[in-house]
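Asker: What follows is a single structure, and I will ask about it in a moment.
The values are calculated or read from the model by the stated rules, or taken from the named source; none is laboratory data. Source: prediction; values computed, not measured. Ideal geometry is used to build each Cβ from the backbone, glycine not excepted, and the neighbour counts take in all protein chains shown. Protein only, heavy atoms only, side chains kept; ligands, DNA and RNA dropped before computing areas. Shrake-Rupley method; radii C 1.70, N 1.55, O 1.52, S 1.80 Å.
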Amino acid sequence: LRLFPKLSFLLQFVLKHKEFAHLREVKAFPNALNPHKEESRALVKAMIDQVMALHEGLEWFHIGCDEVYYLGEGEESKQWLQQQDNTPEKLCLSHIKAVASCVASSYPTVTPIVWDDMLRGISEETLAESGVPQLVQPMIWDYAADLDVEGKVHLIEKYRRCGFSKVWFASAFKGATGANQSLTLIGHHLKNHLQWLKVASSSPADVLEGIALTGWQRYDHFSVLCELLPVAVPSLAVCLQALKNGGYSEKIKENVEKLLGMSNLETETFMSTSLGTFPGSNVLTLVTQVSFYLKSSVDELLERNRYVTGWFSPYHRKRKIVHPVIVHHFQPDAVSLLSKWNAVVQDLQAAMEQVFHKCTVEEWMEENVQPSLQKLQQVVDDLDQA
């Protein structure tokens, strides 16, 4: 197992700030860097140096370069593309070469890695002539449960013909299944890794450098949080064991359960009884409770309880009127439900604060807890006033 830093070409985390907005490829979008500005190259060099200073003995450095959809659409790029023989593909390759050369000149023992999606559609001739294959190792990413094994094998063969010495794979043990996903469906990620094992077994033994198990915290710098890391630890354990053993079996499943301290590890459904002894397991247990039952229990009371819908509707609540006898039919349930969820949420907040910064806890609570909890609190308050 190795850890290597990644410098994302998707530079939203920098370009979203006002002081760096002038370095955007397209003024309105913080997705991509203007590759023509000297200041852009200086920024990337500074970021590389900062990351390298924190990591001694690195062998690889991921320079990013995925999903650069707006590259070539800036004014300077449009002028560059009007020159003879210039193409968006060559623009992309020239910038990759510049960044990779920066790494190579300052850190000659470090090999740059680059996401491969911008390379997939470029012709073999253009790739070979660019000089990029001698500088970087492409990381082929695919997070689908049914990824095309044959297509990946052909892609690897293409990269070999172009001059790339090694390739990497990139899978996912969390994320990739929904921008606001709160629980990890282990089966999806297990299937993804089993498909990658098929790709590896169908490729030359000397071509694969390694596989990176990505774990998404959010889809980009403007989206909500997806699955939290403690929630996905069982998925990570399953995927690592599948890779280590070349497959997944009942015996491997039992080993994972033992490692995690879990009595029954579900892979095809979201776990409804997620007890374990691994660090962060309390976060998983409480997130599971909230995800499965908070919204549904509040909706059951407010939208399907006939006493609430019939005798304490928004009309009644606005005017603070309620039949005294009807109160006894649902007020105890509402107060009890509120008390229960306040206790669960308090436990979850305490568990999350042991792992995450306060801002992360605040965001997750606002997105996943507060909408339902506030609705429940409001109906209890309205009932008291009425």
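Asker: I'd like the residue in the range 355-381 that is touching a residue at least 40 places away in the same chain (Cβ under 8 Å) and either polar (S, T, N, Q) or outside the structural domain of Ser291 (by the TED database) (or both) and, out of all such residues, is surrounded by the fewest Cβ atoms within 10 Å (Cβ to Cβ).
Answerer: The extreme case among them is Thr360.
Asker: Shifting gears a bit: Considering only residues of the range 122-151 that are of a type in the set (A, V, I, L, M) and more than 17 Å from Gly175 (Cβ to Cβ), which is surrounded by the fewest Cβ atoms within 10 Å (Cβ to Cβ)?
Answerer: The residue in question is Ala128.
Asker: Identify, by number, the condition in (1) closer than 23 Å to His62 by Cα; (2) surrounded by fewer than 22 Cβ atoms within 10 Å (Cβ to Cβ); (3) within 16 Å of the chain's Cα centre (by Cα); (4) small (Gly, Ala, Ser) that Gly178 doesn't meet.
Answerer: Result: Gly178 fails condition (1) only.
Asker: All but one of (1) surrounded by fewer than 20 Cβ atoms within 10 Å (Cβ to Cβ); (2) more than 26 Å from the chain's Cα centre (by Cα); (3) within 29 Å of Ser40 (Cβ to Cβ) hold for His154, so report the exception by its number.
Answerer: Single failed check for His154: (3).
Asker: Since Leu58 meets every condition but one in (1) surrounded by 11 or more Cβ atoms within 10 Å (Cβ to Cβ); (2) not in a loop (DSSP other than H, G, I, E, B); (3) not charged (D, E, K, R), which condition does it not meet?
Answerer: Only one criterion in (1) surrounded by 11 or more Cβ atoms within 10 Å (Cβ to Cβ); (2) not in a loop (DSSP other than H, G, I, E, B); (3) not charged (D, E, K, R) is unmet by Leu58, namely (2).
Asker: Now a separate question. Identify, by number, the condition in (1) over 14 Å from Phe164 (Cα atoms); (2) open to solvent by 40 Å² or more (accessible area, probe 1.4 Å); (3) of a type in the set (Val, Ile, Thr) that Val103 doesn't meet.
Answerer: Of everything listed in (1) over 14 Å from Phe164 (Cα atoms); (2) open to solvent by 40 Å² or more (accessible area, probe 1.4 Å); (3) of a type in the set (Val, Ile, Thr), Val103 misses just condition (2).
Asker: Hey, another quick one. Write out, first by first residue and then by second, each pair whose Cβ atoms fall under 6 Å of each other, whose residues are 6+ apart or on separate chains, and whose first residue, in the range 300-319, is within 15 Å of Gln385 (Cβ to Cβ) while the second is in a helix (DSSP H, G or I) and open to solvent by 40 Å² or more (accessible area, probe 1.4 Å).
Answerer: none
Asker: For a quick check of your reading of the model, give me the residue pairs whose first member lies in the range 42-59 and is under 16 Å from Ile113 (Cα atoms) and charged (D, E, K, R), whose second is outside any helix (DSSP H, G or I) and open to solvent by less than 50 Å² (accessible area, probe 1.4 Å), with beta-carbon atoms closer than 7 Å and at least 6 apart or on different chains.
Answerer: Here the result reads Glu59/Val110; Glu59/Thr111, each pair linking the range 42-59 to a residue that is outside any helix (DSSP H, G or I) and open to solvent by less than 50 Å² (accessible area, probe 1.4 Å).
Asker: For the range 191-234, which residues satisfy the criterion of being open to solvent by 30 Å² or more (accessible area, probe 1.4 Å), under 23 Å from Trp60 (Cβ atoms), of a type outside the set (Gly, Ala, Ser) and outside any loop (DSSP other than H, G, I, E, B)?
Answerer: Within the range 191-234, Leu197, Leu208, Glu209, Ile211, Leu213, Leu229 qualify.
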